[in-house]
Amino acid sequence: MTPEEVELLSELTIVIPTYNRPLELERAIEYWRDLPVTVHILDGSEKPWFLVGVLPNTLNISYHHFPQIVDEDWKDNYIRRMKLAPELCSSSFAALCSDDDFFTVEGLKVALKSLRDDVCDVVLGKSAQYLFRDGKFEWKRVNFTWRSDDAALSEDFSVRYRSIRRGSTYYGIFKSKYWKELRLSSVEEKFSNASAIENISDYLSKVLCRFLVIQEYLWVTNYPDKAYKNSPHKVEKFSSWLHDEKNKPEVQRFIHVLEKGLRKFITSNSNLDVKKIANDILIKKGKPPKLKPVVRARVLVNKK
């Protein structure tokens, strides 16, 4: 790695939220310990798995422990951790990464150079999925369906807003000034749907940021194998939650949070209807199609 590449990578801070997954965390630490990026681990486990502070034999990895306090559920705990995350980032660029996923070094170099050269505000790349089970490692899927278009990189917000960009910005590499505001906007309130927070951040990112998808492999993620418990929490499909009649009051709170996030970047004299833009997510996250009777029966059988 050249001195210039070391300097470029040193401008990146990665935040890793985790919960009761010491083995995955150990693998993540081994991956990041020799790279010149700053890493902050935000652990909500019942007990600390490591000493709080900069980890021994590393210069770049800090461990933070946030045990649940009285009357705090795991969503509150996650929000508390994510509210601290922007304060930990003093570098030019920032990203989130799960404890069982990682970014490729070559992909990061391309992404960070694009951000440094002011080509964009957030970068995504190709993704590959792996499975590690029973001590064996294998590739399960290598795919690339995400894309950006010329409109997504426009300096004009009204043009950018109408782009047809694709991809989840959870694994985006951001300019820190955007990442901090978007993270704070996403954790202003708690919702019954576990993925609502990330949908706020993702939607705001796609609306407000110049968005680039590079051709390099950037994100390597754990394959969601049924026998591998990727998360202790059951997650309802977001689009189903969004269009469920019983959730109307909560969805209105969700839309209000989006509005507040948009107004951090969109001025009142921009002639843009912020409320309409916030409500557009109801269209973009369309109602899930009704299952055919035979499929519905199969789902019920599988649940039993």
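The values are calculated or read from the model by the stated rules, or taken from the named source; none is laboratory data. Small disclaimer: the values here were computed from a predicted structure and weren't measured. Quick reminder, even Gly has a Cβ in these numbers, built from the backbone with ideal geometry, and neighbours come from all protein chains shown. Heavy atoms of the whole protein, side chains included, go into the accessibility calculation; ligands, DNA and RNA do not. Shrake-Rupley method; radii C 1.70, N 1.55, O 1.52, S 1.80 Å.
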- Item | log₁₀ of I(q)/I(0) at q = 0.18, 0.23 Å⁻¹ - region 83-164, Debye sum with one point per alpha carbon | -1.02, -1.23
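Considering Cα pairs under 8 angstrom that are at least six residues apart, work out the relative contact order of the chain and quote it in whole percent.
Worked out over the chain, it gives 17 percent.
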- Apportionment of accessible area to carbon and sulfur, region 45-107, percent (1.4 Å): 60
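Counting helices only, and only those DSSP H runs with n ≥ 4, report the 222 nm mean residue ellipticity of the chain as the sum of -39,500 (n - 2.57) divided by its residues, in deg cm²/dmol to the nearest 500. Mind dumping the intermediate values first?
On the way: 12 runs with 115 residues, N = 304.
Taking each H run of at least 4 residues, the total per residue is -11000 deg cm²/dmol.
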- Sorted list, accessible surface of protein heavy atoms, 1.4 Å probe, largest first, for Val142, Val220 is Val142, Val220
- Task: Work out, step by step, the length gained on full extension between Ser240 and Ala151: first 0.36 nm times the residue separation, then minus their alpha carbon distance; give nm to one decimal.
- Result: 29.1 nm
- Item | Ratio Rg/Rh, restricted to the chain and using Cα atoms, in which Rh is the Kirkwood radius | 0.96
- Whole-Å distance linking the alpha carbon centroid of region 94-117 with that of region 62-82 is 26
- Item | Antiparallel DSSP beta bridges within the chain, as percent of all bridges there, nearest 5 | 40
- Message: If you only keep lysine pairs separated by 8 or more in sequence, or across chains, how many in region 1-148 come under 19 Å at the Cα atoms?
- Response: 5
- So which aspartates and glutamates pass the test for Lys246, namely a Cα distance under 19 Å, with those fewer than 8 places away in the same chain ruled out? Glu189, Glu236
- Task: At 1.4 Å probe size, with every protein chain present, just tell me what the per residue accessible area of the chain comes to in Å².
- Result: 53
- Under the Karplus curve 6.51 cos²θ - 1.76 cosθ + 1.60, θ = phi - 60°, whole-Hz ³J(HN,Hα) for region 26-38, x wherever Gly or Pro sits: 4, 5, 4, 5, 5, 5, 8, 4, 9, 9, x, 9, 8
- Expressed as a whole number of Å, what is the distance separating the alpha-carbon centroids of region 178-209 and region 130-177? 16
- Message: Connecting C-alpha atoms closer than 10 Å in a GNM of the chain, tell me which of Arg183, Arg81, Arg27 has the biggest fluctuation.
- Response: Arg27
- Message: Can you compute the charge dipole magnitude of region 99-228 about its Cα centre, using +1 on each Lys and Arg Cβ and -1 on each Asp and Glu Cβ, nothing else charged? Give it in debye, rounded to the nearest 20.
- Response: 160
